[in-house]
Each structure stands twice: as structure tokens, then as C-alpha cells.
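Quick note: the coordinates plus some simple rules give every number you see, no bench work behind them. Just so you know, these numbers come straight off a predicted model, no measurement behind them. In this analysis, Cβ positions are derived from the backbone assuming ideal geometry, glycine residues included, and neighbour counts consider all displayed protein chains.
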């Protein structure tokens, strides 16, 4: 019990009770801190989910301009790669060596943006299909969307302090995404766009390999167009009009409405067509594929 306990007239039982109460209070304080941390993280995840949904809506409304930006960057990078390969194939002057270094640096950054663009549209398509996204995938949607409004998101991410005066240079929607980009740093700060793309596509970027981005763009466009078509008001009579799209019976090869479940001619069951590209790596898929030939991911019908 000790001298201090004797002076206070405390018994051994009193000391045990005090020790128990101290431990209990300490555990309760620790649990409250954990609960507060959990609530804070849940709030952050909710904000990120809302930001990802906002990014999806933005892409549906601005797909054409976004596609033009990606296509322009793709063509520019393709030309840079041609120049680099040409310079590497011969003996260079001092100026040409400088040009080679500059071209390689520019091509590398362009490729980072192109691979991020590919994943951006893959994740948007998954989100639009109701598939769950990981936190880093939703953060990519939030952070990268500002790129399409002229924000150099990779360079901005390298800066500790973001100049808020730049916000005035962007139109309203661009400013919103700029603010989302800045605030997302304070949420799950362990996610970094440059680290993400360098870790995932290091070999491809080093080899100056262009991504297969067209399938990702086309799949998102088809999904967006399909949703827009489904929102068209039906006739007052309530009768459902056929979409006009057809599929082919795999058995007798006759033409059937897209919504047909069985062939009226031979009775064969019509299986729904799978996605045109892998939701994980973006590679093109053959009709009926169950697994991606590149990354092995299971294909959800």
C-alpha cells in the first residue's frame, strides 16, 4: 500500500478500487478517442463518396470536352514518343541531347495523366454501374476531375500550400473541384495521385507505352448515353416502345430484340452481353469472357 496510503488512512481495498477506477477511466477515454476517430473517418468517407458522385455527374454533362482533352493529349504524347525514338536512333548534337531530355520529361508527365485518365473513366463506369469503389479509387475521382478544368493536379499535389487566389481563374464548376481537391488533402492524406500512377504503371511509363484508353472512354460514353435514353418520357398511352437495337441468337443466328430472353424460333436462352472492357485494368474483352486475359480479374455480367 505504501507510506502515502498509510498517511491517508487508506486500506488495501481502497487502493485496489482506486486503481480499478483509474484503469476504467483510462480505457473509457481511449474508447472515446477511438469512437471520435471512427466518426471522423466515416464523415470523410461520406464526403469522398459525395465528391465521387459529383465527379460522375460532371463527366456525364461534359464528356465531349473531356474526351477532346484526352484525345489531344494522347496525340501530343504519341508525337513526342516518335521524336524520342528518332533521337535515340542516331548520334546527337548538344542541342538534340537537350531536346531528348525535355521530350522524355514531357512524355513521362503526359503518360501519367493519360493513365490516370484511363483509370478515371474506368472507375466512373464502375460507379455508374452501382459497383463499390475503394477509398483510393473514389479519391482519384475527386482529385483528378479538376484536371479537365485546367488544373495541373500533379504539380498542385506536390505543393504544400495552394494559392487560393488561383480559384478566381476558374469557372464555377472548376472552382468547386479545385476546392474539393484542396480539402481532400486534409481527409485521407496518405493517397497521392503521383504515387498511385507511378506505382501502378511504372513499367509502362518507363517504356513510353501509351495506354488503351479508347475502350474506357467508349464504355463510359455508351453507359451515359444509355442512361440518357432511359430517362426519355414514355408515351402517354403507357406502351413501351422497342429500342430498335437487336442481338443475334447464338444458336440459329436470327435477329432478336435487345430485351429478348429466349429465341422465339429455336428456344435458346439469350445470355446478357458482358462489358466491353475489364473494370480493373481497362483491357478489351471478347464477348462472353469470364476472366480478363491480361490481369485475370473475374468479369461481372
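Values for this structure:
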{"read-out": "Which of 131, 66, 138 has the fewest Cβ neighbours within 10 Å, and the rest in rising order", "value": "131, 66, 138"}
{"read-out": "Ranked by how many other beta carbons lie within 10 Å on average, peptides 68-81, 143-156, 102-115 from highest", "value": "143-156, 102-115, 68-81"}
{"read-out": "203, 218, 119 arranged by Cβ crowding within 10 Å, fewest neighbours leading", "value": "203, 218, 119"}
{"read-out": "Neighbour-count order for 194, 94, 32, fewest beta carbons within 10 angstrom listed first", "value": "94, 32, 194"}
